[in-house]
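S.K.: Take this structure first; my questions come after.
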There are 2 protein chains.
Amino acid sequence: MTLTSVEAGHAPEADVDIYPSRIGTTPCLLPRLDPVVYASDRSSGPLPQQLVSQFETQGFFIMENLFNQDEVAALFEEMLAMREDPKASGSPHFIGEPGDASLRSIFAIHKSESLFARLAEDERLVGVARFLLNDEIYIHQSRMNFKPALKGKEFYWHSDFETWHVEDGMPSMRALSASIALTENSTDNGPLMFIPESHHQYVSCEGETPREHFKQSLQRQEYGIPPDEILIRLASTGGVATVNASPGSVVFFDSNLMHGSNSNITPYPRSNAFYVYNALSNAVVEPFCTQPARPEFLCTRESIQPLTSQSGDIRHA
Amino acid sequence: MTLTSVEAGHAPEADVDIYPSRIGTTPCLLPRLDPVVYASDRSSGPLPQQLVSQFETQGFFIMENLFNQDEVAALFEEMLAMREDPKASGSPHFIGEPGDASLRSIFAIHKSESLFARLAEDERLVGVARFLLNDEIYIHQSRMNFKPALKGKEFYWHSDFETWHVEDGMPSMRALSASIALTENSTDNGPLMFIPESHHQYVSCEGETPREHFKQSLQRQEYGIPPDEILIRLASTGGVATVNASPGSVVFFDSNLMHGSNSNITPYPRSNAFYVYNALSNAVVEPFCTQPARPEFLCTRESIQPLTSQSGDIRHA
């Protein structure tokens, strides 16, 4: 494998970009050079061995009913209040569906004055992330994802890490996502789909990151998209796994796992709270592209601080 | 219910349009005025009582492995040959995906020189259609449907009968569709979805049919689309049913059943052969709109003839 240097002076903490992407070269598969599970003693954590193994081999696992129905009801109500808050309308961290007024995402919910700030620090999430990443952790990004009923658009295959590395300057694969289901995520309503095992390889994509790419990539990503041949090759090993999650269930998945979702023409919207936990030792540096860093609501940079966790029912904060 | 007259002289065989749609009025639900099951003696046909009941109440049923794997292999090979036939390229009955060169449908396959002409007359299909419609039958329309891998687009909710009535002049709901799976139709790859029980009501849609609507409606329908409130109301009774069909299985569904499909970002394409059987007594008249009739490859009009059925392995025609 040939490693490609980034432009001189652009990534001060790394002379060589070990995960080059969107640098004008042909797309290709590169090996993952980081562990998946960082825990030194796998038996000492909050997870059954089987889930630790599944995370390592497949790149994800689901914990059913991690939050109880009363907690989900409270979160759901808070989510409705947030999305209907007239103050929030027009805020840059409220992102609509492409070509449509429907709300697709609300970013930085861990900084909101809501239960979603408390949820970000919940021991049931933080404990798992800290254990798997074996470090102090902080929130790299958080959001509420909506897949509207009837008009919910698809989201094409991508690795989050590819974007966080190129556009945010996340150095290594030492981050994971937790998606908390607030509604039923069924096979019908455009659920999250994974290509299991795809996190063991890194897809170096073609193209170059355009200026302020995030302004449209949050609606429909056009750069950092793997080519057909590579997706077919990845799926020929791992297949495609569909996430069915009932409200209160949580999907944990590796930062480099290939994922996406189909459209949703059913009358059943789906909503998930989404937190990205990054190891403190893996804090972002300068982006691995020639564009300026993305705004703070998409990538925590100025306000990095290790999370303290909170136990007990989230309603009793 | 107020029935609306169509323009004088436009539908010579019916003074009153009992299923008005796209006539510039507000969309609404009208009652179905036709039977679903026409069979006089339900116990004398080729179907178990349970499937006859399911067709009546839900509007569809699946017959698993109606065609064997050798037959499916032969059909699949023939399908590949048809889609790659250089003579066919550019033919008006080859329809692409919206904004894309991928093939979406090939129409009038029952008139092709292929096994799909033989399949249209197969006793396993014709016997069921003749029994449920209790009449001589003919092919109103046939096609091969492709949902490409990775880039397969969604197809929004619609009733086929609404289009066949308005644009083709099919008088009554005395037709049904048979969709024969040539590949796996899984929950992941944008399978057919139904709103069960929706066939008991007729959605009168807004708008007026534009000239040569079919030229784009075969890619993405924009007229004859039910409004959100009506879809939500229909699904609040019947829910949404997803069709999982293995190759060789057949889905039979009523002409007025609301159906659609999500997009397909998986690397698994799906292909189905699709035949619409209409009762001979329900042959098309003039369209129930002000536009001229659609071409023969979309709606059999000039070449209506009752089907004779053929038994045995389709490969031994």
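S.K.: What pairs come out if I take residues in the range B:34-48 that are of a type outside the set (D, E, K, R) and pair them with residues that are in a loop (DSSP other than H, G, I, E, B) and modelled with pLDDT under 95 whose C-beta lies under 8 Å away, six or more apart or interchain?
M.R.: Qualifying pairs under 8 Å: B:ALA39/B:GLY45.
One line per residue, one yes/no per condition, for (1) among the hydroxyl-bearing types (Ser, Thr, Tyr); (2) within 14 Å of another protein chain (Cβ to nearest Cβ); (3) open to solvent by less than 10 Å² (accessible area, probe 1.4 Å); (4) part of a strand (DSSP E or B):
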site: A:LEU257; (1), (2), (3), (4): no, no, yes, no
site: A:THR266; (1), (2), (3), (4): yes, yes, yes, no
site: A:VAL285; (1), (2), (3), (4): no, no, no, no
site: A:CYS289; (1), (2), (3), (4): no, no, no, no
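S.K.: Within the range A:175-191, which residues are of a type in the set (Gly, Ala, Ser) and either under 9 Å from the mean Cα position of the chain (by Cα) or part of a strand (DSSP E or B) (or both)?
M.R.: A:ALA175, A:SER177, A:ALA178, A:SER179, A:ALA181
S.K.: Looking at the range B:120-146, which of the residues that are of a type in the set (Val, Ile, Thr) and part of a strand (DSSP E or B) is farthest from B:PHE55 (Cα to Cα)?
M.R.: B:ILE139
S.K.: Within the range B:172-180, is there a residue that is touching a residue at least 60 places away in the same chain (Cβ under 8 Å), in contact with a Gly (Cβ under 9 Å, 6 or more places away or on another chain) and crowded, with 22+ Cβ neighbours inside 10 Å?
M.R.: yes
S.K.: Next question, about the same structure. Can you find a residue in the range A:125-136 that is closer than 23 Å to A:SER217 by Cα, more than 14 Å from chain B (Cβ to nearest Cβ) and buried (at least 24 other Cβ atoms within 10 Å of the Cβ)?
M.R.: no
S.K.: Regarding the range B:154-167, can at least one residue be identified that is of a type in the set (Ser, Thr, Tyr), part of a loop (DSSP other than H, G, I, E, B) and more than 14 Å from every other protein chain (Cβ to nearest Cβ)?
M.R.: Within the range B:154-167, one or more residues are of a type in the set (Ser, Thr, Tyr), part of a loop (DSSP other than H, G, I, E, B) and more than 14 Å from every other protein chain (Cβ to nearest Cβ).
S.K.: Does A:THR237 fit the bill of being within 23 Å of A:LYS153 (Cβ to Cβ) and open to solvent by 20 Å² or more (accessible area, probe 1.4 Å)?
M.R.: no
S.K.: Something else about it: Collect the residues in the range B:263-317 that are touching a Phe, Trp or Tyr at 6+ places or on another chain (Cβ under 8 Å) and aromatic (Phe, Trp, Tyr), keeping them in residue-number order.
M.R.: B:TYR277, B:PHE288, B:PHE297
S.K.: Let me ask you something else. Would you mind finding the one in A:MET170, A:MET193 that is away from chain B (no Cβ under 14 Å) and not small (Gly, Ala, Ser)?
M.R.: So the residue among A:MET170, A:MET193 that is away from chain B (no Cβ under 14 Å) and not small (Gly, Ala, Ser) is A:MET170.
S.K.: For residues that are in contact (Cβ under 8 Å) with a residue 60 or more places away in the chain and within 16 Å of A:ILE265 (Cβ to Cβ), scanning just the range B:220-230, find the one that is farthest from the other protein chains (Cβ to nearest Cβ).
M.R.: Taking the candidates together, the pick is B:GLY224.
Yes or no, residue by residue, for (1) modelled with pLDDT of 95 or more; (2) open to solvent by 60 Å² or more (accessible area, probe 1.4 Å):
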{"position": "A:GLU7", "(1), (2)": "no, yes"}
{"position": "A:ASP15", "(1), (2)": "no, yes"}
{"position": "A:PRO27", "(1), (2)": "no, no"}
{"position": "A:PRO48", "(1), (2)": "yes, yes"}
{"position": "A:ILE62", "(1), (2)": "yes, no"}
{"position": "A:ALA73", "(1), (2)": "yes, no"}
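S.K.: Among the listed residues A:ALA117, A:ALA101, A:ALA149, identify the single one that is in a helix (DSSP H, G or I), open to solvent by 20 Å² or more (accessible area, probe 1.4 Å) and among the small types (Gly, Ala, Ser).
M.R.: Exactly one residue qualifies, and that residue is A:ALA117.
S.K.: Return the pairs, sorted by first residue and then second, in which the second residue is open to solvent by 10 Å² or more (accessible area, probe 1.4 Å) and of a type in the set (Phe, Trp, Tyr), the first residue lies in the range A:245-271 and is farther than 13 Å from A:HIS158 by Cβ, the beta carbons are less than 7 Å apart, and the residues are 6+ apart or on different chains.
M.R.: Qualifying pairs under 7 Å: A:VAL251/A:PHE60; A:PHE252/A:PHE60; A:ASP254/A:PHE60; A:ILE265/B:TYR156; A:PRO269/A:PHE146; A:SER271/A:PHE146.
S.K.: Any idea which of (1) in a strand (DSSP E or B); (2) more than 30 Å from B:PHE155 (Cβ to Cβ); (3) not aromatic (Phe, Trp, Tyr) is the one A:GLU206 doesn't satisfy?
M.R.: (1)
S.K.: Now a separate question. Counting only residues that are surrounded by fewer than 17 Cβ atoms within 10 Å (Cβ to Cβ), in a helix (DSSP H, G or I) and not charged (D, E, K, R), how many does the range A:220-234 have?
M.R.: 1
S.K.: Does A:GLU208 satisfy being touching a residue at least 24 places away in the same chain (Cβ under 8 Å), open to solvent by 30 Å² or more (accessible area, probe 1.4 Å) and either within 13 Å of chain B (Cβ to nearest Cβ) or touching a Gly at 6+ places or on another chain (Cβ under 8 Å) (or both)?
M.R.: The answer is yes for A:GLU208.
S.K.: Starting from residues that are open to solvent by less than 30 Å² (accessible area, probe 1.4 Å) and touching a Phe, Trp or Tyr at 6+ places or on another chain (Cβ under 8 Å), keep the ones in the range B:137-146 and report whichever is nearest to B:ARG83 (Cα to Cα).
M.R.: Taking the candidates together, the pick is B:MET144.
S.K.: Go through (1) within 12 Å of chain B (Cβ to nearest Cβ); (2) modelled with pLDDT under 95; (3) buried (at least 19 other Cβ atoms within 10 Å of the Cβ) for A:SER217 and report which single condition fails.
M.R.: (1)
Here is a yes/no grid of residues against (1) touching a helix residue (DSSP H, G or I) at 6+ places or on another chain (Cβ under 9 Å); (2) more than 21 Å from A:ASN185 (Cα to Cα):
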site: B:GLU197; (1), (2): yes, yes
site: B:GLY207; (1), (2): no, yes
site: B:ILE225; (1), (2): no, yes
site: B:ALA235; (1), (2): yes, no
site: B:ALA245; (1), (2): no, yes
site: B:MET258; (1), (2): yes, yes
site: B:ALA279; (1), (2): yes, yes
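The values are calculated or read from the model by the stated rules, or taken from the named source; none is laboratory data. Treat the numbers as computed from the prediction; the structure is a model and nothing was measured. All Cβ positions, even for glycine, are placed from backbone atoms using ideal geometry, and neighbour counts span all protein chains on display. Surface accessibility is based on the protein's heavy atoms, side chains included, excluding ligands, DNA and RNA. Shrake-Rupley method; radii C 1.70, N 1.55, O 1.52, S 1.80 Å.
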